[in-house]
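To start, the structure itself, in structure tokens.
The values are calculated or read from the model by the stated rules, or taken from the named source; none is laboratory data. What you see is a predicted model, and the numbers here were worked out from it, not measured in a lab. Positions of Cβ are generated from backbone atoms using ideal geometry, with glycine treated the same way; all protein chains shown enter the neighbour counts. For the accessible areas, the whole protein counts, side chains as well, though only heavy atoms, and no ligand, DNA or RNA atoms are used. Shrake-Rupley method; radii C 1.70, N 1.55, O 1.52, S 1.80 Å.
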Amino acid sequence: MKIIIDTTENVAKRAAQLYVDLLSRNPQAVLGGATGSTPIPLYKELVKLNKEGVISFKDAKSFNLDEYVGLEGTHDQSYRYFMNDNLFNHIDIKMENTHVPSGIDISEPEKYDSEIEAAGGIDMQLLGIGVDGHIGFNEPGTPWDSLTHVVELEQNTREVNARFFNSIDEVPTHAVTMGIKTVMNARSIILIATGSSKAEIVKKFIEGPVTTEVPASILQLHPFVTVFLDHEAAALLEKKA
Ligand code: PGA
């Protein structure tokens, strides 16, 4: 793993540079997308670079990590809506080349893996990390060999998210997520973690043992991972290379 530690602002800029490098080498690259608050500054930077003509997504494809089951892309809490609103509507990517695992047949979620494979595989997968070490909706205990699958949301997660909906009954009960193996199949991976709330889990997944109890720890075994951390998220690391 390559670890890059910088200011929060520079983390977004330096991660964006990896997209510039990849897309100038391979304009048809397949990108893996993520939602959450962490990637927003990176997406802002990509929009800026696209408007300035430094980067183009016109021949690129994208596959997102996860989505709630049963939320239409027009629902403002869906991850499709998030991606359109924060990135796709503001760059030159063709909407038909963007994929979020919504509307897929949830009796055969691994078809999403086949779609990714048919597109040539993911060249660069973006990840955030949860404070429990989750990547996508892969919570602690998820098997390493998992492909795209459906997960039942914890009651607690639904209660926390209820504030974004009219009532708890509207909060989805399930989500679909790329599995750990789907993520590990990507040719390269970027993980971004910012803020002091991530400091403990950052130390664990980088310096601790590889264990399904910390899903992101598997990334220690991937040959091309770049981890971008701000100073707060890196605070507990022993080795600040
Ligand atoms: P966050 O979420 O970027 O909002 O912290 C990360 C995650 O849960 O994967």
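Things to note:
- The local environment of residue 132, defined by Cβ-Cβ distances under 12 Å, has a net charge of -2 under the rule Lys, Arg +1 and Asp, Glu -1.
- Pairwise label distance in nanometres, residue 74 with residue 44, each label 7 Å out on the Cα-Cβ vector: 3.0
- FRET efficiency, 1/(1 + (r/R0)^6) with R0 41 Å, evaluated for residue 13 and residue 160 via beta carbons: 0.85
- Using the Cβ-Cβ distance between residue 169 and residue 89 with R0 set to 25 Å, the FRET efficiency from 1/(1 + (r/R0)^6) comes to roughly 0.25.
- Averaging over all projection directions, the Cα-based convex hull of the stretch 79-191 occupies 8.1 nm² in the image plane.
- Dividing the Cα radius of gyration of the stretch 195-241 by its Kirkwood radius returns 0.94 for Rg/Rh.
- Accessible area per residue for the chain, computed on protein heavy atoms with a 1.4 Å probe, is 47 Å².
- Rolling a 1.4 Å probe over the protein heavy atoms of the chain, with every protein chain left in place, gives an accessible area that is 51 percent carbon and sulfur.
- For the chain: rounded, prolate or oblate by the Cα gyration tensor [a/c cutoff 1.5]: rounded
- Within the chain, the whole DSSP H helices whose Cα atoms reach 24 Å or more along their own axis and whose mean Kyte-Doolittle score is at least -1.0 are 8-25.
- Calculated diffusion of the stretch 43-114, Stokes-Einstein form, Kirkwood radius summed over Cα pairs, 4 °C and 1.567 mPa s, µm²/s: 99
- Accessible area per residue was computed with a 1.4 Å probe on protein heavy atoms; residue 174 scores about 60 Å².
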